[in-house]
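Here is the structure we will look at, set down as structure tokens.
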Amino acid sequence: MPTSGRGSGKEWPVDAPEITSRLAARAAEAGFVQSSEEVVGRLLRLLVALKPGGRYVELGTGMGTGLVWLLSALGADGEIVTVEFEADLQAVARAELGADDRVTWVLGDGSAWLRAAVKDQEGTFDGVFADTWPGKYHDRDLAMRLVKPGGWYLVDDLYPQPGWPDGHQVSVDQLVADLTSLESWITEFFDIGSGVMVCVNSGNDR
């Protein structure tokens with residue numbers, strides 16, 4: 001049966017990937033509460049479907065839920081680079097998805113990867129999903145420089161979340177203000193799930 005839409009009282013018209021249920025169970029066992037919500041995953045799938053043969057970056061693999069949704073619309077020629085600092089988290093994702101050769105796995109500091117990537121991959125990605133601190137609360141400029149004209153940059157978890165450090169709301173408010181003020185990007189806030197902003201590179205000079 002299709003999964004119910006959150007708060008809608010209706011069923012989603014398309015099933016969620018079956019693997020998301022297994023990953024949700026693994027996350028619950030581990031007490032990991034940062035997995036991407038289903039409504040965010042569906043938005044990611046839609047964005048990738050606009051260019052299924054594109055190149056995408058996920059900053060923060062976690063246990064792989066967001067990656068599953070990205071892959072669900074990715075074509076055979078598409079590519080996703082997923083970056084995670086915590087080996088035990090990415091190991092869960094790799095156990096489920098490691099055979100998919102469309103995925104490039106990076107284990108290490110996201111900021112370090114961004115600094116290296118922007119040197120020779122600036123403007124070569126069709127989308128960046130920033131789901132961790134590097135590329136979102138620091139080195140965001142580097143993450144956004146990776147996006148080609150017409151590509152997108154997405155952040156979630158803009159509403160209060162479990163595990164937020166004291167005073168983090170100030171950083172979230174500044175992030176929203178910064179993204180809203182970008183002149184060379186078209187930005188929208190979506191009141192769905194954990195709170196989502198999508199920014200599309202208009203192609204104008206930064």
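The values are calculated or read from the model by the stated rules, or taken from the named source; none is laboratory data. Just so it is clear, the structure is predicted and the values come from calculations on it, not from any experiment. For neighbour counting, all protein chains shown are included, and Cβ atoms are generated from backbone atoms with ideal geometry for every residue, glycine included.
One residue is enough: does region 155-177 have a residue meeting the conditions at pLDDT 95 or above and not in a helix (DSSP H, G or I)? Yes: one or more hits. Only a single criterion out of (1) of a type in the set (A, V, I, L, M, F, W, C); (2) surrounded by 15 or more Cβ atoms within 10 Å (Cβ to Cβ); (3) within 22 Å of GLY66 (Cα to Cα) is not satisfied by LEU182, namely (3).
Scanning region 72-105 for residues that are under 21 Å from ALA143 (Cα atoms), out of contact with any Lys or Arg (no Cβ under 7 Å at 6 or more places or on another chain) and surrounded by 19 or more Cβ atoms within 10 Å (Cβ to Cβ) gives VAL81, THR82, VAL83, GLU84, PHE85, GLN90, VAL103.
When restricted to residues that are farther than 30 Å from VAL170 by Cβ and buried (at least 17 other Cβ atoms within 10 Å of the Cβ), region 106-143 contains 1.
Among LEU71, LEU47, LEU114, LEU107, which is closer than 18 Å to VAL147 by Cα, modelled with pLDDT of 90 or more and either in contact with an Asp or Glu (Cβ under 7 Å, 6 or more places away or on another chain) or of a type in the set (Gly, Ala, Ser) (or both)?
On the way: LEU71 fails: closer than 18 Å to VAL147 by Cα; LEU47 fails: either in contact with an Asp or Glu (Cβ under 7 Å, 6 or more places away or on another chain) or of a type in the set (Gly, Ala, Ser) (or both); LEU107 fails: closer than 18 Å to VAL147 by Cα.
Sole residue among the options that is closer than 18 Å to VAL147 by Cα, modelled with pLDDT of 90 or more and either in contact with an Asp or Glu (Cβ under 7 Å, 6 or more places away or on another chain) or of a type in the set (Gly, Ala, Ser) (or both): LEU114.
Would you check if SER72 is among the polar types (S, T, N, Q) and more than 20 Å from THR132 (Cα to Cα)? Yes: the conditions hold for SER72.
The residues in region 55-67 that are in contact with a Gly (Cβ under 9 Å, 6 or more places away or on another chain) and either free of Cβ contacts under 8 Å to residues at least 24 places away in the same chain or crowded, with 24+ Cβ neighbours inside 10 Å (or both) can be counted, and the count is 7. Here ASP156 fulfils each of the conditions (1) in contact (Cβ under 8 Å) with a residue 60 or more places away in the chain; (2) out of contact with any Phe, Trp or Tyr (no Cβ under 9 Å at 6 or more places or on another chain); (3) crowded, with 16+ Cβ neighbours inside 10 Å apart from (2). Selection of first residues in region 23-40 that are of a type in the set (Val, Ile, Thr) and in a helix (DSSP H, G or I) and of second residues that are modelled with pLDDT of 65 or more and surrounded by 11 or more Cβ atoms within 10 Å (Cβ to Cβ), restricted to Cβ pairs under 7 Å at least 6 apart or on distinct chains, gives the following pairs, ordered by first then second residue: VAL39/ILE192; VAL39/GLY193; VAL40/ASP156; VAL40/GLY193; VAL40/SER194; VAL40/VAL196.
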